[in-house]
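Visitor: First, the structure itself, so that you have it in front of you.
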Amino acid sequence: MGTMITLSFMACVGTTPVETLEVEVSVDVESHTALTVSWTTEEPADAAIEVGTDAGYGRRVEGWSSADGLEHAVVLAGLGADAPWHWRAISAVAGDVVVSEGAIFEAAAAPADLPELVVTGSYDGLVVGPMHVGESYVAIYRADGLPVWWRKMSTTTVSLTQARMSLDGRAVVLIGTFPELGRDTAIVRLPLAGGEPTIAFVPNGHHDFMERPEGGYAVLARDIRDVAGYEVEGDALVEVSESGEITTIWSSWDLGLHIDPASLPELEGSERREWTHMNSVAYQEGNYWLSSYLLEAVFVVQRDTGALLSTIGGDNSDVRVAGDGEGFGPQHGVLPTDGGFLVFNNRKNEPGDSWAEVVEYELDLRKGEYTRRWSYNADRALFTPVLGNVDPLPEGGHFTAWGLAGNLTILDDSHTPTWEAATPLGSTFAYAHPVAALSGEP
C-alpha cells in the first residue's frame, strides 16, 4: 500500500524553476523499516535518492528506471530507528539535475526481544542472518549493532539455519521448517521492500541452500534408507527449479561405504541413526562443495554428472595433509577459494580443550595434498559445537560467524580482528553473512 504525495522538483531550466511531479511513497507494512519511492518523468532520466540524518543528506542510493527511462523507483532500507532520515528524490533529465523537496522517514524501532549487538571496532557494511531469541527472526544488522530490518518467522524457535541476500539484492532468502506452513522445509524469499513472500517447498530439506544464477536453488536434503533393519539418515544434494521440480544431483549413499548402523549416533527423540550430517553447500566452476560434520570430510561433486571428484578429510580422504600439517575435524561452511578452500573447523569437543577456528587450505589435487594457508582461533576463547561460517570480503579480509557462540568477527588481510560483535545472553545467530549495502531497486 502506498501514500500518494506531491513533491516539487526544482530545476534551473531557463526561467522555469519548478516542475511538479506526483511521487508515490510506500512503507513496508511488515516492519516499517523500508521506504519505496516511485515517480515518472516525461523525458528519459535516471533515478536515485539522497539520504542522511540532516538536510545535508550525504549518501546517494541508486534506483531503478524502466527501459524507456520514464518510470523510476528507489527502495530505502537499512536506515535504523536512531534518527529521522531526511531524503529527496533526484533525477538527471535532459542534462539538468532535478531534485524534489525534502521529506523525512522515521523507521520503526525493532521489537523489544530483537537485541542490539555489543560491538567493538569498525566495519562499513551490514550483517544478515537468522536470529534466535526464543522466537525466530531473520534480521539485518548495521555495523554499530542496531537491527535495521527484520521479519518474525515463528513464535517458537524453529529450525531456521541459513539466510542470505538474494543474488539480485532485492530480497532476503532463508531456509527453515515452519509449523505455520503445515508442510515440509521451505525456502522463503522475503522482498526487502515488503510484500508477499515467495515459497519453495523442499521435502526433507535442511541446514543450507544456495541460489543458482540460472534460477532455482541447490539444497541439502535428508536421504533416509533402511540398513539392516535400522532407519539411517544420509544426505542428498538436490536442485529445485523455479517451477518446483526437484532433481537429485548426488547422494551420500553413492559413496558405497560400509555402514554399521548400530555404531551411528541416535537422533535425539528418535530411533533413527544419523550418518553423514551434511551442513553446507557451495559452488565453483561446475562443481558443488559439500561439508559432512560426522564424516569430518568435504566432498567435491561435479554438477552435470553427479560424479564425486574428491574427498578431502576423514577416513576415506583421497588427498593428504602436507608434511606435518593439521587437517580439520567436524566442520561447517566449506567455501572454495582460488586454489583452495575455507572451512569453519568446530574441532572435537574434548574436555578442557574445546575451541573453534577458521582455516583456509591450499589444495593441490595433482600432488594429492592440502596445506594450511592460515588459521584464526580467537585465542582459543570461542567454541561452538554446531554451525559457523567464514566469507571473504570484497575489499579484502574475512567475515566469520561463530555459530551458536553468537559472535561475529571481521579479520583484515593479516588475519587481525578489526570488528567484533556479540549477541547478548539468550540470543544467537545461526549462519550469518556480510552485506556491503542494500539494493536501491524494488
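Read-outs throughout are calculated quantities, based only on the coordinates presented, and are distinct from any laboratory measurement. Note that the structure is predicted; figures quoted are calculated from it, not measured. Counting neighbours? That spans all protein chains shown, and the Cβs are built from the backbone with ideal geometry, glycine included.
Visitor: Considering amide H positions built from the backbone, and no H for Pro or chain starts, which residues 5 or more places from GLN284, or on another chain, come under 5 Å of its amide H?
Guide: Here TRP289 satisfy the definition.
Visitor: Dipole of segment 58-139, Cα-centred, from +1 at each Lys and Arg C-beta and -1 at each Asp and Glu C-beta, to the nearest 20 debye?
Guide: Values: 3 positive and 11 negative charges, 32 e Å.
Charge dipole, segment 58-139, about its Cα centre: 160 debye, nearest 20.
Visitor: Which values of log₁₀ I(q)/I(0), to two decimal places, follow from the Debye formula for the chain at q = 0.09, 0.13 Å⁻¹ with a uniform point scatterer at every Cα?
Guide: Debye curve over Cα of the chain, log10 I(q)/I(0) at q = 0.09, 0.13 Å⁻¹: -0.64, -1.17.
Visitor: Also: Rank-order 52-64, 131-143 by packing density, defined as the average count of other C-beta atoms within 10 Å over each peptide's residues, highest first.
Guide: Working: 52-64: 14.8, 131-143: 21.7.
Result, highest mean first: 131-143, 52-64.
Visitor: Suppose every Lys and Arg Cβ carries +1 and every Asp and Glu Cβ carries -1, with no other charges. What dipole size does the chain come out with about its Cα centre, to the nearest 20 debye?
Guide: Details: 24 positive and 65 negative charges, 124 e Å.
My answer is approximately 600 debye.
Visitor: Related question: Could you run the Karplus curve 6.51 cos²θ - 1.76 cosθ + 1.60 with θ = phi - 60° over segment 319-330 and give me ³J(HN,Hα) per residue in whole Hz, x for Gly and Pro?
Guide: 10, 10, 6, 5, x, 9, x, 10, x, 10, x, x
Visitor: Segment 182-256 to segment 284-329: how many Å between their Cα centroids?
Guide: 21
Visitor: State, in angstrom, two size descriptors of segment 228-344 derived from its alpha carbons: Rg to one decimal place and Dmax to the nearest whole number.
Guide: 15.1, 50
Visitor: Can you tell which of THR177, THR247, GLY229 lies farthest toward the positive end of the dipole of segment 166-259, using +1 and -1 charges on the Cβ of basic and acidic side chains (Lys, Arg; Asp, Glu)?
Guide: Final value for the positive-end residue is THR177.
Visitor: Listed highest first by mean packing, meaning other Cβ atoms within 10 Å per residue, what order do 192-202, 25-35, 287-297 come in? Walk me through the intermediate numbers first.
Guide: Numbers: 192-202: 17.6, 25-35: 20.0, 287-297: 22.1.
Packing order, densest peptide first, comes out as 287-297, 25-35, 192-202.
Visitor: Here's a follow-up. Sort GLU239, GLU350 so that the residue with the fewest other Cβ atoms within 10 Å of its own Cβ comes first and the one with the most comes last.
Guide: On the way: GLU239 18, GLU350 9.
Fewest-to-most ranking of GLU239, GLU350: GLU350, GLU239.
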